[in-house]
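Following: one structure in structure tokens, then a few remarks.
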Amino acid sequence: MNEKEDLAKQKAAAAAKAKAEALARKQAKAESAEKPEGEMDIAKQKAEAAAKAKAEALARKQAKEEAAEKPEGEMDIAKQKAEAAAKAKVAALARKQEKEEAAEKPEGETDIAKQKAAAAAKAKAAALARKQEKEEAAEKPEGEMDIAKQKAEAAAKAKAAALARKQEKEEAAEKPEGEIDKAKQKAAAAAKAKAAALARKQAKAESAEKPEGEMDIAKQKAAAAAKSRTAVKESEEVNTPSELSPNQSKLDQIVSAIESHVGQGALLEHYINRLSKDVPTLVANPDTYFSIAKFLRYDEQLNFSYLSELHGTDFETHMEIYVHLHSFKMNQSVALKVKLDRDSPVIPSLVPLWSGANWPECEAYDLLGINFYEHPDLKRILLGEEWKGYPLRKDYQPYDVEV
């Protein structure tokens with residue numbers, strides 16, 4: 001077929017297309033003149049949809065006819081041109097329709113319509129891009145497909161970001177300052193979530209294309225990177241100097257008083273417990289545990305007259321007694337700890353100093369087997385004297401498993 005016949009065919013197709021559009025417009029005007037306003041809007045939408053469908057069908061028919069007459073190289077170019085033209089036409093028609101609807105609607109409905117139109121356009125563009133990507137992928141060898149896929153993903157990502165920025169600017173221009181800040185935060189969160197989802201999707205796609213050996217290496221690298229980031233974060237937190245505790249001066253005063261009256265080696269260590277409301281904590285030597293407790297109780301300057309808590313804990317390597325004391329004179333609490341041998345946990349009773357230690361020490365004896373000598377009436381208060389073993393020990397095994 002020569003060039004003249006091609007030109008004549010194109011002209012005939014264009015004339016038929018223009019005639020069909022003119023006829024559709026004429027018919028729409030005639031119907032709108034006869035209908036009330038509500039039906040006119042529906043009729044207008046139907047007419048536009050019908051015209052759009054007719055135009056697309058005609059464009060596809062023309063593309064098929066031209067493709068049947070052209071060699072393969074020209075067909076690809078023609079296909080790309082036709083797709084680009086169709087895409088531009090759809091976008092132009094959507095913009096035109098959006099403007100017409102916005103002109104007929106009040107301000108509140110216009111904003112909603114804008115958002116819907118933007119979302120629809122975005123979805124349409126994404127669907128068209130995916131369709132075009134699939135068609136191109138079917139025609140290309142595997143090497144070119146990977147490159148094309150990467151380019152398409154990058155283009156889609158850039159397009160989505162640009163569209164999001166544009167929409168954000170339009171919304172910001174219409175909103176007061178308070179709403180703009182909220183919108184910005186939401187947009188940022190949405191963008192972050194989108195980027196994360198895209199990264200996960202890309203990682204899955206890459207892992208599906210890699211052999212098993214490469215996948216394992218990639219997994220190991222990702223795990224090592226995550227571990228490294230966590231280690232850096234933890235080291236920064238550990239090495240960051242913390243503010244001085246408001247109870248540090250009280251701890252220094254108590255420690256100085258104990259070392260002066262009980263002895264320099266009386267305390268194994270002392271510190272501020274950041275995890276427990278900055279309570280000054282004293283770790284006593286088992287030999288000096290009772291002497292320190294007695295000094296805290298009866299010293300006129302300290303006067304820790306109230307015992308609020310006493311309990312034991314099994315750390316598997318050792319047992320530990322924790323005593324929480326309070327001084328109303330200093331308006332200060334202090335924790336006294338002592339570590340015991342797990343095989344023979346024996347320690348002096350504090351009942352002679354604080355009568356409130358009576359039942360807590362019985363409980364520690366009952367559940368952990370810690371022996372408080374010089375206790376006035378040490379006995380099992382929960383399980384009874386016939387019970388075998390100590391349930392709060394980590395290695396506890398019930399005497400009768402079935403019970």
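The values are calculated or read from the model by the stated rules, or taken from the named source; none is laboratory data. Bear in mind that the values here come from a model prediction, so they are computed numbers and not experimental data. Note that we place each Cβ from the backbone using ideal geometry, even for glycine, and neighbour counts take in every protein chain shown. These area figures cover heavy atoms from the full protein model, side chains too; ligands, DNA and RNA do not enter into them. Shrake-Rupley method; radii C 1.70, N 1.55, O 1.52, S 1.80 Å.
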- Which trypsin sites (Lys or Arg not before Pro) from the range 349-403 combine a DSSP loop assignment with at most 14 other Cβ atoms within 10 Å? LYS379, LYS388, LYS394
- Note on the structure: Judged on accessible area alone, 1.4 Å probe, highest first, SER305, SER349 line up as SER305, SER349
- Message: Leaving out ligands, DNA and RNA, and with a 1.4 Å probe, what % of the accessible surface on the range 263-374 is carbon or sulfur?
- Response: 48
- Message: So, R0 is 41 Å and r is the distance between the beta-carbons of TYR271 and ALA154; what FRET efficiency does that work out to, to 0.05?
- Response: 0.15
- Query: Leaving out ligands, DNA and RNA but keeping every protein chain, what accessible area does PHE290 have, in Å² rounded to the nearest 10, with a 1.4 Å probe?
  - Reply: 60
- Query: If the limit is 21 Å between Cα atoms, which of LYS250/LYS339; LYS29/LYS124; LYS46/LYS134; LYS26/LYS52; LYS96/LYS151 go over it?
  - Reply: LYS250/LYS339; LYS29/LYS124; LYS46/LYS134; LYS96/LYS151
- Query: For TYR390, TYR306, what's the largest-to-smallest order of accessible area, 1.4 Å probe?
  - Reply: TYR306, TYR390
